[in-house]
Amino acid sequence: MELKPFIMDHPLIQHKISLLRDKNTGSKEFRELVSEIAMLMCYEATRDLPLKEVEIETPVAVARTKVITGRKLAFVPILRAGLGMVDGVLKLVPAAKVGHIGLYRDPKTLEPVEYYCKLPSDIEEREVIVLDPMLATGGSAVDAIKLIKARGAVNIKFMCIIAAPEGLKALSTAHPDVQIYCASLDEHLNDHGYIVPGLGDAGDRIFGTK
Ligand code: PRP
Ligand code: URA
């Protein structure tokens with residue numbers, strides 16, 4: 001069954017995305033915003049983590065309380081722009097492992113080209129959250145998740161900040177089992193494969209390149 005994309009429209013996230021879209025926002029502020037939005041999104045994307053009951057001695061009495069149990073997490077940013085989201089999610093889940101997948105879009109064909117893949121050796125036992133601020137044609141996310149599945153992972157989520165309808169469709173068709181979280185569903189792609197209105201090139205804006 002195809003999972004419905006989850007659009008996170010919390011007011012704090014929407015406010016920060018407006019600042020992110022502004023062409024006058026410089027790299028320093030852009031990086032901070034990407035990290036903060038990723039942290040807020042991670043809060044929601046981990047809502048279904050299983051809990052178990054434990055007993056903790058407080059200074060006053062024994063409390064029956066809950067801690068996270070079950071599968072451990074791995075975050076996998078798609079290089080480069082996904083790196084901007086890592087700090088934010090690790091603030092909430094500091095014990096998670098981090099894998100990296102290097103992909104760039106060929107500017108002519110818009111097809112993803114793989115140049116790096118290093119994943120935790122126990123990835124198949126982990127719940128994986130793939131990170132990339134932009135889901136445009138969907139090619140990069142589809143390929144990244146193929147690589148992760150090829151290593152045996154079965155429990156995968158995808159978290160992006162801005163998605164185009166074309167990318168959502170491509171990703172949910174190729175990987176209907178993957179829950180997609182995004183913070184804004186934009187209008188469409190332009191002839192160069194950029195999301196409209198979008199925010200431009202996320203990697204260039206995070207790292208100050210052009
Ligand atoms: C951007 C973005 C995604 C990809 C999305 O990366 O960060 O990875 O494009 O486009 P798609 O959905 O059409 O595949 P880019 O290729 O610009 O590389 P970069 O992060 O190194 O700048
Ligand atoms: N990658 C980006 O960084 N921005 C877009 O609009 C599309 C792909």
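For residue 76, list long-range residues whose amide hydrogen, built 1.01 Å from N in the peptide plane, is under 5 Å from its own amide hydrogen.
Placed amide hydrogens put 99, 129, 130, 131 under 5 Å from residue 76.
Using 7 Å Cα-to-Cβ label points, what is the residue 4/residue 116 separation (nm, one decimal)?
Taking the two extended label points, one gets 3.8 nm.
For region 15-154, what relative contact order do you get, as a whole percent, if you take Cα pairs closer than 8 Å and at least 6 residues apart?
Values: 206 pairs, mean separation 29.9, N = 140.
With pairs under 8 Å counted, the relative contact order is 21 percent.
Per residue, how big is the convex hull around the C-alpha atoms of the chain? Give it to me in cubic angstrom, could you? All intermediate terms of the calculation are to be shown ahead of the outcome.
Values: hull volume 28.7 nm³, N = 210.
Taking the convex hull of the Cα positions in the chain, it is 137 Å³ per residue.
Of 72/149; 16/97; 108/149; 97/210; 91/149; 23/91, which pairs sit farther than 20 Å apart, going by alpha carbon to alpha carbon? Please list the in-between numbers first.
Values: 72/149 17 Å; 16/97 27 Å; 108/149 28 Å; 97/210 31 Å; 91/149 26 Å; 23/91 27 Å.
Long pairs (Cα-Cα over 20 Å): 16/97; 108/149; 97/210; 91/149; 23/91.
Over region 97-180, what is the mean sequence separation of C-alpha contacts under 8 Å (at least six apart), divided by residue count, expressed as relative contact order in percent? Before the final figure, lay out the partial values.
Numbers: 135 pairs, mean separation 23.8, N = 84.
Averaging sequence separation for qualifying contacts and normalising by length gives 28 percent for region 97-180.
Go ahead and set up a Gaussian network model of the chain, Cα springs under 10 Å, then flag whichever of 12, 40, 147 fluctuates most.
12
State, to one decimal in nm, how far the label point of residue 28 lies from the label point of residue 95, with both points 7 Å from Cα in the Cβ direction.
3.6
Please report the net charge: other residues with Cβ closer than 13 Å to the Cβ of residue 29, K and R +1, D and E -1.
Numbers: positive: 16, 21, 23, 28, 31, 205; negative: 22, 32, 36.
Residues near residue 29 contribute +3 overall.
For region 6-207, with only Lys/Arg (+1) and Asp/Glu (-1) charged at the beta-carbon, what is the dipole magnitude about the Cα centre, in debye rounded to 20?
Working: 24 positive and 27 negative charges, 75 e Å.
Dipole size: approximately 360 debye.
Please check: in the Gaussian network model of the chain (C-alpha springs, under 10 Å), which one of 68, 56, 37 has the largest mean-square fluctuation.
56
Connecting C-alpha atoms closer than 10 Å in a GNM of the chain, tell me which of 150, 63, 96 has the biggest fluctuation.
Maximum fluctuation in the GNM of the chain, among the listed residues, is at 63.
Using helices alone, what [θ] at 222 nm do you get for the chain, with -39,500 (n - 2.57) per DSSP H run of 4 or more residues, divided over all residues and rounded to the nearest 500? Show your work: numbers first, answer last.
Details: 6 runs with 65 residues, N = 210.
Taken over the chain, the calculation gives -9500 deg cm²/dmol.
Evaluate E = 1/(1 + (r/R0)^6) for residue 18 and residue 65, where r is the Cβ-Cβ distance and R0 equals 45 Å; express this FRET efficiency to the nearest 0.05.
Details: r = 38 Å, r/R0 = 0.85.
The value I calculate is 0.75.
At a Förster distance of 30 Å, what's the computed FRET efficiency of residue 196 paired with residue 48, Cβ-Cβ distance as r, to 0.05?
Computed FRET efficiency for residue 196 and residue 48 comes out at 0.40.
If each of residue 57 and residue 207 carries a label point 7 Å out from its Cα toward its Cβ, how far apart are those two points in nm?
If labels sit at residue 57 and residue 207, their model points lie 5.2 nm apart.
Bear in mind that the values in this text are calculations on the coordinates, not laboratory data. As the structure is a prediction and not an experimental result, all values here were calculated from the model. Please note: Cβ atoms are built from the backbone with ideal geometry, for glycine as well, and neighbour counts cover all protein chains shown.
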